[in-house]
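Visitor: Next up is a structure, given as structure tokens.
The values are calculated or read from the model by the stated rules, or taken from the named source; none is laboratory data. All figures in this text were calculated on a predicted structure; none of them were measured in a lab. Cβ sites come from the backbone with ideal geometry, for glycine too, and all protein chains shown count toward neighbours. Surface accessibility is based on the protein's heavy atoms, side chains included, excluding ligands, DNA and RNA. Shrake-Rupley method; radii C 1.70, N 1.55, O 1.52, S 1.80 Å.
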Amino acid sequence: MNQPTTTPARPGIDVQRCAALLERERAAFVRRNPRSQAIAAQASEHLMFGVPLHWMNDWGTPFALQVAHAQGATLTDADGHLLADFCLGDTGAMYGHAPAPVVDALARQAARGFTAMLPGEDAAAVGALLSARFGLPSWQFALSATDANRFVLRWLRAASGRRKIIVFNGCYHGTVDDVYVDLVDGIPSQRDSLLGQVHDLRLHTVVVEFNDLGALEAALAAGDVACVLAEPALTNIGMVLPDAGYWEAAQALIRRAGAALVFDETHTISAGPGGYGRAHGLVADALVIGKPVGGGLACAAYGFSAEWAARAVAAKRAAPPGHSGIGTTLSGNLLAMAAMRATLTTLMTAAVYAPMLAQATRLADGLRGVIAAHRLPWCVTQLGARTEFQFRATPPRNGSQAGAALDADLEHLIHLALLNRCVLITPFHNMMLVCPATAAGDVDRLLGALDEVLGEISDG
Ligand SMILES: Cc1ncc(COP(=O)(O)O)c(C=O)c1O
């Protein structure tokens, strides 16, 4: 979700043609979407920024596209266009919109109560499923991946008696304040865009580059770090894959320093039903999974190893009675548990992933072909069901390199032109997700539309 601060040079792209195309595409969007425009105008009367969440304007369209309904890999907008959806709610709908097993489970549970601040039978079953899936024995729940990350940091700080955390440059773990520290020209800097933040986040957050074992070792050296919070592969500043052997070596350093390794698998669950870790034989000390874990219903889970769970429990027992600062009233509610149970048993399975990953590979290969045909110096990275093209010739190795390749204006132009051709991709960088319902025809439509758009703007 990070945005670049400067516009990079655009080798292979004709800037004049981009400007002309942008004007045409904006006009086409307005022409194509009168009903969306009318609803957006109505919404602007009582919704701040005209949308339920101000980020919904980050698509950069002249007004927000309004959704009529969404099913499988298809989103139908208010004007009746059927869009091949490769955004999939930025991973929330990674198992498809309104997947039938989750719809059924929700309907069953909804008639029997939503929330009671007490557990039902599904809770024990979900705990066991998560434990088997991710290899960690002890679990708790939250309403979002953001909250799950926030709570994990609290538990691990309490359990370790240490205040500092380490994150990777260019990371995103939701709106957890602690993680908004970047390296700007090598200097740790609090993100300027934060609103209403009054604490100096740099006091307790250390930021290092991904794939740099020396920097990680140095950051751990003082023995004051509670945990390293990481996506196993960066996905939010453009994709950055770990070097071969990186995590094995990093995990050894983290263990030696008495800190915990937390894998935030919220996006990297695209790698397989047990996330990137399981797909690569790694088990972290703690794990966070949000977004699609309830089939898109708002919920998240986090788990600990036996050792860290015991230390967290001991910290709670040793604390004075009163608020822990961890949890929200609706966390782990009955409806969310039903959704997670259905998702874990019917969607997060090897059988569902196999065709989905094959389709994503077809997409990644197709993207390489289209980019090569237009002789653009761009690379394509795939992590299971997640694929991304980046405006640089070789895959980036860290957040600085990935961030330097971002180009918000060019991304926006491409996304808008695709949208006008009935293809939806995320508004942030160039990420595409394939869900179990994504058909070969959806992939072909995306590739055809991109080919047409690049034909308009490349200078080849
Ligand atoms: C890796 C990662 N963790 C956590 C989050 C936060 O998820 P949510 O916004 O659902 O809280 C995100 C959101 O993009 C994410 O990419």
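Visitor: Being open to solvent by 30 Å² or more (accessible area, probe 1.4 Å) and not in a loop (DSSP other than H, G, I, E, B) is the filter here, so list the residues in region 156-181 that pass it.
Guide: Selection gives 157, 158, 164, 177, 178.
Visitor: I'm trying to understand the selection: among the residues of region 159-183, which are of a type in the set (A, V, I, L, M) and within 23 Å of the chain's Cα centre (by Cα)?
Guide: Taking region 159-183 first, the residues of a type in the set (A, V, I, L, M) are 159, 165-167, 176, 179, 181, 183.
Listed by number, the residues that qualify are 165, 166, 167, 176, 179, 181, 183.
Visitor: I need a count of the residues in region 378-402 that are surrounded by fewer than 24 Cβ atoms within 10 Å (Cβ to Cβ) and farther than 20 Å from residue 87 by Cα.
Guide: Residues that pass the stated criteria total 9.
Visitor: Oh, and also: Run down 314, 319, 260, 300 and say which single residue is open to solvent by 50 Å² or more (accessible area, probe 1.4 Å) and either more than 14 Å from the ligand (Cβ to nearest atom) or closer than 14 Å to residue 151 by Cβ (or both). Break it down into steps so the answer makes sense when it comes.
Guide: On the way: 319 fails: open to solvent by 50 Å² or more (accessible area, probe 1.4 Å); 260 fails: open to solvent by 50 Å² or more (accessible area, probe 1.4 Å); 300 fails: open to solvent by 50 Å² or more (accessible area, probe 1.4 Å).
Residue meeting the stated conditions: 314.
Visitor: Let me ask you something else. Please count how many residues of region 219-269 are of a type in the set (Gly, Ala, Ser) and over 16 Å from residue 207 (Cβ atoms). So that I can check it myself, show each step before the final result.
Guide: In the first step, residues of region 219-269 are kept if they are of a type in the set (Gly, Ala, Ser); the result is 219, 221-223, 226, 230, 233, 238, 244-245, 249-250, 252, 257-260.
With the extra rule that they be over 16 Å from residue 207 (Cβ atoms), the set shrinks to 223, 233, 238, 244-245, 249, 252, 257-258, 260.
The number of residues fulfilling the criteria is 10.
To keep it simple, each residue is scored yes or no on (1) of a type outside the set (A, V, I, L, M, F, W, C); (2) open to solvent by 30 Å² or more (accessible area, probe 1.4 Å).
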site	(1), (2)
87	no, no
92	yes, no
103	no, yes
107	no, yes
111	no, yes
116	no, yes
133	yes, yes
142	no, no
146	yes, no
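Visitor: Quick one: in region 263-274, which of the residues that are near the ligand (Cβ under 10 Å from one of its atoms) and in a helix (DSSP H, G or I) is surrounded by the most Cβ atoms within 10 Å (Cβ to Cβ)?
Guide: Among them, the one singled out is 269.
Visitor: Which of the residues spanning region 218-251 are touching a residue at least 60 places away in the same chain (Cβ under 8 Å), within 16 Å of the ligand (Cβ to nearest atom) and not hydrophobic (A, V, I, L, M, F, W, C)?
Guide: Selection gives 231, 235, 236, 238.
Visitor: Would you mention how many residues in region 162-180 are within 20 Å of residue 402 (Cβ to Cβ) and within 14 Å of the ligand (Cβ to nearest atom)? Can you show your working first?
Guide: Pass one, region 162-180, residues within 20 Å of residue 402 (Cβ to Cβ): 166-174, 179-180.
This time we only want the ones that are within 14 Å of the ligand (Cβ to nearest atom), so: 167-168, 170-174, 179-180.
Residues that pass the stated criteria total 9.
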